[in-house]
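These notes are about the structure you will find just below.
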Amino acid sequence: MRSAKITLCALLFVGATSLTPATAAPAPSASAAPSNLSNPSTGNAFALSSSAFADGGVMPKVHECTSGGGSDPGKRNESPALTWSGAPAGAKSYAIVMRDLDNASLIHWVIYDIPANTTSLPQNVDHTYQPTTPAGARQVYYRGSASLFGYQGPCSPSTVNTYEFVVHALNQSSLTSLNSNSSTRTAARTIAAATIGSARITGES
């Protein structure tokens, strides 16, 4: 009789164990989800191009500086035409920063407060704080081989350097903390802090 009771208890224990629900696998973390690098508004990647040169190509002389000595009439210190597409939907303005990657990333040009409905810059943007085109944009004063507002072209007569142009989509319509006395480095830091997306090309000169 005692043996029968023990057997019955064992059967009840096994049955109860088999009825215990299985432990559910933990839900995947949201951070584990793959990033979507395309822009939902366009389905395209943010891209920058120039009609003056291909990405990684040679920049025409017209875009080289005129303050490095010599009297080559082909050098005119004119900024190249630039066009961008596929920007993030939240872009409220744009800025462009140009650097000499072979000279300690020296900043040659900063233009910002470019209106959100603008997708290109013409060749030879005015060398003024507030250029005519695009209306509303502002430029930082360049202090170096030249002293002027806006674009300072490549100045590397004895070497071939790589110059990087980056268009930044910004989360602000105007960078009000910057003014005509702001340095290129201060402007670049301010732009980086407000960036929600960027695209780049390089040119050799």
Does G90 count as in contact with a strand residue (DSSP E or B) (Cβ under 6 Å, 6 or more places away or on another chain) and surrounded by fewer than 17 Cβ atoms within 10 Å (Cβ to Cβ)? yes
Filtered residues of the stretch 62-87 (kept if more than 13 Å from N124 (Cα to Cα), out of contact with any strand residue (DSSP E or B) (no Cβ under 6 Å at 6 or more places or on another chain) and open to solvent by 40 Å² or more (accessible area, probe 1.4 Å)): T66, S67, G68, G69, G70, S71, D72, P73
Yes or no: V160 open to solvent by less than 30 Å² (accessible area, probe 1.4 Å) and either modelled with pLDDT of 95 or more or closer than 20 Å to T195 by Cα (or both)? no
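Can A187 be described as assigned to a helix (DSSP H, G or I) and under 17 Å from L106 (Cα atoms)?
Taking the combined requirement at face value, the residue satisfies it.
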For the stretch 104-142, what are the residues that are open to solvent by 50 Å² or more (accessible area, probe 1.4 Å), out of contact with any Lys or Arg (no Cβ under 8 Å at 6 or more places or on another chain) and at negative phi? N117, T119, S120, P122, Q123, D126, H127, T128, T132, T133, A135, Y141
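The values are calculated or read from the model by the stated rules, or taken from the named source; none is laboratory data. Because the structure is predicted, anything quoted here is derived from the model rather than measured. Neighbour counts run over all protein chains shown; Cβ positions are idealised from the backbone, glycine included. When the accessible area is computed, the model is the full protein with side chains, heavy atoms only, and any ligands, DNA or RNA have been set aside. Shrake-Rupley method; radii C 1.70, N 1.55, O 1.52, S 1.80 Å.
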